[in-house]
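Structure first, commentary second.
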Amino acid sequence: MHCVHLMFKPIIRFNSFLQVAIVMVNGLKKMNSVCYEYGIGVEKDELKAFIYYQKSAKMGNSNGLFRVGYCYDEGIGVEKDEHKALIYYQKSAEMGNSNGVFGVGQCYRNGIGVEKDAHKAFIYYQKSAEMGNASGTHNVGYCYHVGVGVEKDEHKAFIYYQKSAEMGNAIGTYNVGYFYYFGIGVEKDEHKAFIYYQKSAEMGYANGMSLVAECYRNGIGITRDFINQNTSIKGKF
């Protein structure tokens, strides 16, 4: 068990647009733009995806504006342009789109089309969290966790990670497990740590799967079980 501590590392990073994209794909599968971007029921064509996103943006659709921003941000179907990415994220945010607000936060955090400003990033993450955005909620937790743009507060970090976990955020779920394991911002509880690692694994999170295996192998928060260890490891691939 002594060597396990090195493996129980938190995901010290911000949520990217990955989970935002997953949520949007699940909710917008019937949109031509999403179908072309991800190859759902049609051959993948990023240029056509961008064109349809742009059309919806011109019609005042806040999700369309966000997606155009994302395309410029990542260079999907169009030449990468960070300044235009920021503009479209801002337009989407102004229309009350939580993903757009989150996107502006990402821009300030990473210096995308604007000078880096950790405090402004925190403010936008917080706004998106208040609007029910899971990734924004997680990132507020991260900011409190390591003191990015706000004073470090491990208890608040735990609260926001837990909120994001309840909203289905896999990394937030994993980090709740980490906090329980080490007793950060909350009383140490290895069994609860195992439960949250397992939840993140069930959400398809590879790091969670790996730690569930370690928990079974070392009897951390659960009875030692080599059979389940092997099953969890196989689930990663």
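Every read-out reported here was derived from the displayed coordinates using simple, explicitly stated rules and does not represent laboratory data. Every value quoted in this text rests on a predicted model; they were computed, and no experiment measured them. We place every Cβ from the backbone using ideal geometry, glycine too, and count neighbours over all the protein chains shown.
Select from the stretch 142-182 the residues that are more than 13 Å from Q198 (Cα to Cα) and touching a Ser or Thr at 6+ places or on another chain (Cβ under 7 Å) and list them in ascending order.
Across the stretch 142-182, the qualifying residues are Y160, K163, S164, M167, N169.
Which number in (1) in contact (Cβ under 8 Å) with a residue 40 or more places away in the chain; (2) over 15 Å from the mean Cα position of the chain (by Cα) marks the one condition that F102 misses?
(2)
Filter the stretch 179-197 down to the residues that are crowded, with 24+ Cβ neighbours inside 10 Å and aromatic (F, W, Y) and list them by number.
Within the stretch 179-197, F179, Y180, Y181, Y196, Y197 qualify.
Spot the failing condition for A157; the list is (1) touching a Cys at 6+ places or on another chain (Cβ under 6 Å); (2) under 19 Å from Y124 (Cα atoms); (3) part of a helix (DSSP H, G or I), and only one is missed.
(1)
Only residues that are surrounded by fewer than 24 Cβ atoms within 10 Å (Cβ to Cβ) and assigned to a helix (DSSP H, G or I): list them for the stretch 109-144, please.
R109, N110, A118, H119, K120, F122, I123, Q126, K127, E130
Got a number for residues in the stretch 59-94 being hydroxyl-bearing (S, T, Y) and over 20 Å from S128 (Cα atoms)?
Total satisfying the criteria: 1.
Cβ contacts < 7 Å: first residue on the phi > 0 side of the Ramachandran plot and free of Cβ contacts under 8 Å to residues at least 60 places away in the same chain, restricted to the stretch 76-87; second residue crowded, with 17+ Cβ neighbours inside 10 Å and assigned to a helix (DSSP H, G or I), any location; separation 6+ or different chain. Result?
G77/E46; G77/A49; G77/F50; G77/C71
For the stretch 172-189, give me the residue count where each residue is part of a helix (DSSP H, G or I) and touching a helix residue (DSSP H, G or I) at 6+ places or on another chain (Cβ under 6 Å).
9
Quick one: which residue in Y52, Y89 is in a helix (DSSP H, G or I) and surrounded by 24 or more Cβ atoms within 10 Å (Cβ to Cβ)?
Selected residue: Y89, the only one of Y52, Y89 that is in a helix (DSSP H, G or I) and surrounded by 24 or more Cβ atoms within 10 Å (Cβ to Cβ).
I'm trying to understand the selection: among the residues of the stretch 142-154, which are acidic (D, E) and under 18 Å from K127 (Cα atoms)?
E151
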